[in-house]
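The values are calculated or read from the model by the stated rules, or taken from the named source; none is laboratory data. Everything numeric in this text was worked out from a predicted model, so none of it was measured. We place every Cβ from the backbone using ideal geometry, glycine too, and count neighbours over all the protein chains shown.
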Ligand code: UDP
């Protein structure tokens, strides 16, 4: 069903919001569905898949700051939240018969390996899905930016950003403006000049500077992960 993928190795970014199914915490049904899609995509295409998982379903440092917390401390809470999502995804992927490893940017030896890029590459070469947790391990960063950085460091050919509730990048908010136009392809410089949303500017900048293409696509449509991994034309491609 899926065409042969043009990619040997991809970095899939899953926003944390998706994992919660709209609530705080992890919705196992949602995570199971995502795991099934990743397993199918891997089997159908043979592409090596690394994953960065967000944590917005637990905490966002910026939101905790508004409520009176120190931003850096809230950011660490946000990073710890991503690790719970990683473990949930790992569990459901292994139930699908996919071998996995979780690597975290903040070491926690009992639950995951530390982030070691060369080891991550070895896992990928052996057909394991590598799940990166705890973001970049640094406050004031986001998991979108982490996704771009990890993709560059492990030599992924594209960043596949699965988004919730939006099927690509628009020239204005499609929820507020019915005439909003969706881009099929956009140059990262234009994205930044126009101040567009949906993907973090720092992530777009990092991808643009390093000529790494980035695809923003909607996760809710069943099978979209497979389509993205197979290089099908869905969503918006940000590339130079
Ligand atoms: N975070 C951080 N540094 C990182 C990655 C994440 O400080 O390198 C914190 C930050 O507070 C962020 C939260 O973790 O709000 C959850 O990550 P993010 O908002 O990127 O998750 P998503 O939007 O994908 O659910």
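Is there a residue being more than 8 Å from the ligand (Cβ to nearest atom) and surrounded by fewer than 16 Cβ atoms within 10 Å (Cβ to Cβ) anywhere in the stretch 53-64? No, because not a single residue in the stretch 53-64 is more than 8 Å from the ligand (Cβ to nearest atom) and surrounded by fewer than 16 Cβ atoms within 10 Å (Cβ to Cβ). A single entry from 4, 8 fulfils the requirement of being more than 20 Å from residue 220 (Cα to Cα) and modelled with pLDDT under 95: 4.
Scanning the stretch 47-61 for residues that are in contact (Cβ under 8 Å) with a residue 40 or more places away in the chain and either more than 16 Å from residue 160 (Cβ to Cβ) or in a strand (DSSP E or B) (or both) gives 48, 49, 50, 51, 52, 53, 55, 56, 57, 58, 61. Within the stretch 23-52, the set of residues being buried (at least 18 other Cβ atoms within 10 Å of the Cβ) and within 16 Å of the ligand (Cβ to nearest atom) comprises 26, 30, 31, 34, 50, 51, 52. Screening residue 199 on (1) over 25 Å from residue 124 (Cα atoms); (2) touching a strand residue (DSSP E or B) at 6+ places or on another chain (Cβ under 9 Å); (3) in contact (Cβ under 8 Å) with a residue 24 or more places away in the chain; (4) surrounded by fewer than 22 Cβ atoms within 10 Å (Cβ to Cβ) shows it passes everything except condition (4). Only a single item in (1) more than 10 Å from the ligand (Cβ to nearest atom); (2) more than 22 Å from residue 7 (Cβ to Cβ) is not met by residue 75, and it is number (1).
In summary, helices (runs of 4 or more DSSP H) completely within the stretch 99-193 and bearing 1 or more residues that are within 11 Å of the ligand (Cβ to nearest atom) and touching a strand residue (DSSP E or B) at 6+ places or on another chain (Cβ under 8 Å) occur at 143-154.
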